[in-house]
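The values are calculated or read from the model by the stated rules, or taken from the named source; none is laboratory data. The structure displayed is predicted, hence computed values, not measured ones. Ideal geometry is used to build each Cβ from the backbone, glycine not excepted, and the neighbour counts take in all protein chains shown. Side chains are part of the model used for accessible areas, which takes the heavy atoms of the whole protein and leaves out ligands, DNA and RNA. Shrake-Rupley method; radii C 1.70, N 1.55, O 1.52, S 1.80 Å.
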Amino acid sequence: MATITKDEALVSKLRRKLLDWYDLHGRDLPWRHGARDPYRVWLSEVMLQQTTTAHAAPYFLRFLELWPTVGDLAAAEDGRVMAAWAGLGYYARARRLLNCARAVVREHHGQFPDNEADLLKLPGFGPYTAAAVAAIAFDRPANVVDGNIERVMARLYAIDKPLPAGRSEVREAAAGWLSPERAGDWPQAMMDLANGVCRPKAPLCHACPVSEACTALAQGQPDYFPVKAAKIAKPKRYGVVFITTDGESVIVERRPDSGLLGGMLGLPHTEWRDKPWQGNEVVRLFDLNYAVAGVYKHVFTHFALTQEVWVARTSTETLEGVLRQHNRYEALSLLAPRALPTVFAKGLGFLTHP
Ligand code: SF4
């Protein structure tokens, strides 16, 4: 087990060195522009959970354009927010985002609380988000530890207890570096170090401002850390998705508010079950003739889906007749596939790129 010792003088020196490095090499990210507005910090942090900065950036700018303040977001129509979120994945986050914006307006007069303990009481705020907003927006010396900072700490202290069990040691190590001085810059400097220097593979230790304190480097095996517990394979599920189109629109449905992809638009599909569907088991939707266009895979957090794509090309008249008969369905323009979560947008891709 690693020993977390704190050499105050060394930590203080390297802390300053890393912040100097950050001033020169910090990334230019859209949420870092302008004043540190807690709404912007929170929005970016929620979007960045499970999403890369490059992928999240256009969504962040779009959200700010549509809803410049937390009050604007709180007043937004659910469906519009879900549609704007489509493509970012992990859709429960969009629902929690709305719930939280409304709680901030209802319970805090539209102002985010300025400390970790009160932030933590907001819906959708976990320890990480509360610490990140407290630090970055309010300059509090909160212990922000995401997967990237975890990697740096595991290496600095050669923490060999496999994660996630080793997280308490990692947090203890990270806490030793906190200081009120530039408290908001600190986690961002650490994240940039993790992103550009202390990379998952082949870290650039020669360019690292904190290498003097790095036990993993001293041991000659920096990328051995962090040690991760063996992954358990995700269960497999199988489904058939129905694309019913007149060439201009496709039939979609609003999914129930709770459950996977809750409240999002989706293409109709069979149950996602643990064995493949045989053609004769699938009930043809709307009594139309569907042809198999292909098959694709999509990985969710808890399972891996293999989905067959069935396509029915109909006239506009037939499509409108179907919608009149079945009022839980609606038409979505084929020019707006971004309103669909990725698992369905992939299916729609078979119309143009089989
Ligand atoms: Fe990471 Fe290398 Fe720096 Fe250690 S010396 S913190 S392994 S980049």
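Key figures
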item	result
Some residue of segment 238-259 being over 22 Å from Ala339 (Cβ atoms) and surrounded by fewer than 19 Cβ atoms within 10 Å (Cβ to Cβ)	yes
Options Ala86, Ala56; residue that is surrounded by 18 or more Cβ atoms within 10 Å (Cβ to Cβ), under 18 Å from the mean Cα position of the chain (by Cα) and in contact (Cβ under 8 Å) with a residue 60 or more places away in the chain	Ala86
Qualifying positions in segment 100-122 - more than 17 Å from Ala75 (Cβ to Cβ), of a type outside the set (S, T, N, Q) and open to solvent by less than 60 Å² (accessible area, probe 1.4 Å)	Pro113, Asp118, Leu119, Leu122
When residues of segment 98-156 are limited to those that are over 15 Å from Asp37 (Cα atoms) and among the basic types (Lys, Arg), the one nearest to the ligand (Cβ to nearest atom)	Arg155
Single match in Arg338, Arg313, Arg328 (criterion: touching an Asp or Glu at 6+ places or on another chain (Cβ under 8 Å), closer than 25 Å to Leu260 by Cα and among the basic types (Lys, Arg))	Arg328
Residue match in segment 218-225 (condition: more than 16 Å from the ligand (Cβ to nearest atom) and surrounded by fewer than 16 Cβ atoms within 10 Å (Cβ to Cβ))	no
Failed item, numbered, when Arg15 is tested on (1) within 22 Å of Glu181 (Cα to Cα); (2) open to solvent by 50 Å² or more (accessible area, probe 1.4 Å); (3) basic (Lys, Arg)	(2)
Of all residues making up segment 30-50, the number that are more than 21 Å from His109 (Cα to Cα) and open to solvent by 20 Å² or more (accessible area, probe 1.4 Å)	8
Selection count where residues are more than 20 Å from the chain's Cα centre (by Cα) and either basic (Lys, Arg) or near the ligand (Cβ under 8 Å from one of its atoms) (or both), scope segment 185-206	7
Cβ pairs under 6 Å, 6+ apart, first in segment 112-127 and acidic (Asp, Glu), second in a loop (DSSP other than H, G, I, E, B) and surrounded by 16 or more Cβ atoms within 10 Å (Cβ to Cβ)	Glu116/Ala142
